[in-house]
Amino acid sequence: MPKQILLVDDDEMLRKMTRALLARQGFDVIAVEDGPKTLDQLKTTRPDIILLDVMMPGMDGFTVCREIRANPATARIPIIMLTALDSVENKVKGFEAGADDYLAKPCDTIELVARINVLIRRAEAQAPQIAVPATTIARETARTIAVFSLRGGAGVSTISVNVAAGLSQLWEMQVALVDMVAVAGQSALFLNQSLRNTWTDLCKMEVIDEDAVLSAMLPHESRVRTLASPRRPEESELLTTEKVRTTLELLRSTFPYVVLDMPHDLSERSLTALDQSDIILIITQPEIASLRAASMAMEIFEALKFNEHKKVYIILNWTFPRHGLAFKDIERMLKSKIDLILPYAADEFVTALNIGNPPVLSDPESPLGVIFEDIAMALSKDAQLKVRPERPTMAWKRVTERIRNKKQK
Ligand SMILES: Nc1ncnc2c1ncn2[C@@H]1O[C@H](COP(=O)(O)OP(=O)(O)O)[C@@H](O)[C@H]1O
Ligand SMILES: [Mg+2]
């Protein structure tokens, strides 16, 4: 079911724009223009969240917020205050009135949607829960790695495919590569797989079970199995949150490793996938907009308390040749340290994409091959790292040799 938003703004133009923008993101939006109409509306509807303008003639946003909080029936609905006045004083006043969050207008769409989703989930998590019977808890054995960036073109797909292939080579195991990009995803393209089956075929099935999921995945000689993005944009609607959750749960109990090529948003679907991940790789580039997107993602992950149960790493991907920013400035902007740097390698990646063969497979001993083999090892399950495999793969021998050489230095 789509989440419902009650949008309150006296400015007709802004109200219409925000409404259209949120509707496009899949929300069900009710829009009203003032405080009294808001309180009226709340007598008959129970929205999942309220977006409340501060400056309105008659009753201002702070007053409306206090009224909503004072009524036990509406007291728990999350509220985001929206204002043209981005002052600390207003922010404090908003929180005192009982708002959960505060955003300056006009807001960035990605940020607004992310904050809406975060608050709705937090409210749901705090609602009284129905106990889950022990038998429905999945026998989760997989390690799930989500590769993520709020901006496109950062190298998310490139890295996902190479990590998945790296893991399959290292452990000679089947690895699930899941294209979470519901419109024009490209995971399968990187492995030159024809789109015989996609998410669409899976979502059209009456029952989604292990067999259904496996039959929808595209095989590859590397042992990577891809669940590909739908062929046509309109098919993306079939990928409901529920279906995505079920599929990922099944994959996690079937494959030892699941790699998620994530879309560049924090939609409900994306959050569901991130929720099920053990490791999140945030990909960023050495330019301001990309760094800002990465630090925004980190802030949101912190708000979601992801850091308590998941490992979040940052990869700086040098997608262009000349560097504009100094390394220390980059880390300062991120307010965090970078865990890994991927060098600029346009020729190698373009060739890899054209022939549909990622560097970690086509040339594992090239500089890029080495990097991805090492990443794959670093992301492997602890249990696998502790003991020498009975039949070590070539990849395992190469990585182990490199680690030994480094230690000796
Ligand atoms: N380190 C790099 N050096 C040069 N080009 C890169 C690098 N990483 C990625 N690219 C290129 O950037 C483009 C976008 O990469 P892609 O993986 O599709 O990004 P995303 O999935 O984040 O949109 C591709 O053409 C890819 O070949
Ligand atoms: Mg991509």
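The values are calculated or read from the model by the stated rules, or taken from the named source; none is laboratory data. Computed from a predicted model, the values in this text were never measured in an experiment. Glycine also receives a Cβ, built like all others from the backbone with ideal geometry; neighbour counts cover every protein chain displayed. All accessible areas refer to the heavy atoms of the entire protein, side chains included, with ligands and DNA or RNA removed. Shrake-Rupley method; radii C 1.70, N 1.55, O 1.52, S 1.80 Å.
Exactly one condition in (1) closer than 16 Å to Phe148 by Cβ; (2) hydroxyl-bearing (Ser, Thr, Tyr); (3) in contact with a helix residue (DSSP H, G or I) (Cβ under 7 Å, 6 or more places away or on another chain) is not met by Thr319; state its number. Only one criterion in (1) closer than 16 Å to Phe148 by Cβ; (2) hydroxyl-bearing (Ser, Thr, Tyr); (3) in contact with a helix residue (DSSP H, G or I) (Cβ under 7 Å, 6 or more places away or on another chain) is unmet by Thr319, namely (3). Of the residues making up region 312-348, those that are in a loop (DSSP other than H, G, I, E, B) and aliphatic (A, V, I, L, M) number 4. Taking region 184-211 as the range and being free of Cβ contacts under 8 Å to residues at least 24 places away in the same chain, part of a helix (DSSP H, G or I) and open to solvent by 70 Å² or more (accessible area, probe 1.4 Å) as the test, only Asp211 passes.
Out of curiosity, is Val224 open to solvent by 10 Å² or more (accessible area, probe 1.4 Å) and touching a residue at least 60 places away in the same chain (Cβ under 8 Å)?
Spelling it out, it is not the case that Val224 is open to solvent by 10 Å² or more (accessible area, probe 1.4 Å) and touching a residue at least 60 places away in the same chain (Cβ under 8 Å).
Residue count for region 265-319, restricted to those that are among the aromatic types (Phe, Trp, Tyr) and in contact with a Phe, Trp or Tyr (Cβ under 7 Å, 6 or more places away or on another chain): 1. Looking across Ala352, Ala383, Ala376, one residue alone is away from ligand 1 (no atom under 16 Å from the Cβ), in contact (Cβ under 8 Å) with a residue 24 or more places away in the chain and either part of a helix (DSSP H, G or I) or open to solvent by 30 Å² or more (accessible area, probe 1.4 Å) (or both). It is Ala376. Number of residues in region 61-89 that are surrounded by 16 or more Cβ atoms within 10 Å (Cβ to Cβ) and part of a loop (DSSP other than H, G, I, E, B) equals 3. Is there a residue being in contact with a His (Cβ under 9 Å, 6 or more places away or on another chain) and either within 16 Å of ligand 1 (Cβ to nearest atom) or over 26 Å from Lys243 (Cβ atoms) (or both) anywhere in region 272-284? No.
Contact map, region 108-122: first residue without any contact (Cβ under 8 Å) to a residue 12 or more places away in the chain, second residue open to solvent by 10 Å² or more (accessible area, probe 1.4 Å) and among the polar types (S, T, N, Q), Cβ cut-off under 6 Å, separation 6 or more or different chains; the map is empty. Does at least one position in region 230-244 carry a residue that is more than 27 Å from Gly356 (Cβ to Cβ) and touching a helix residue (DSSP H, G or I) at 6+ places or on another chain (Cβ under 6 Å)? Within region 230-244, one or more residues are more than 27 Å from Gly356 (Cβ to Cβ) and touching a helix residue (DSSP H, G or I) at 6+ places or on another chain (Cβ under 6 Å).
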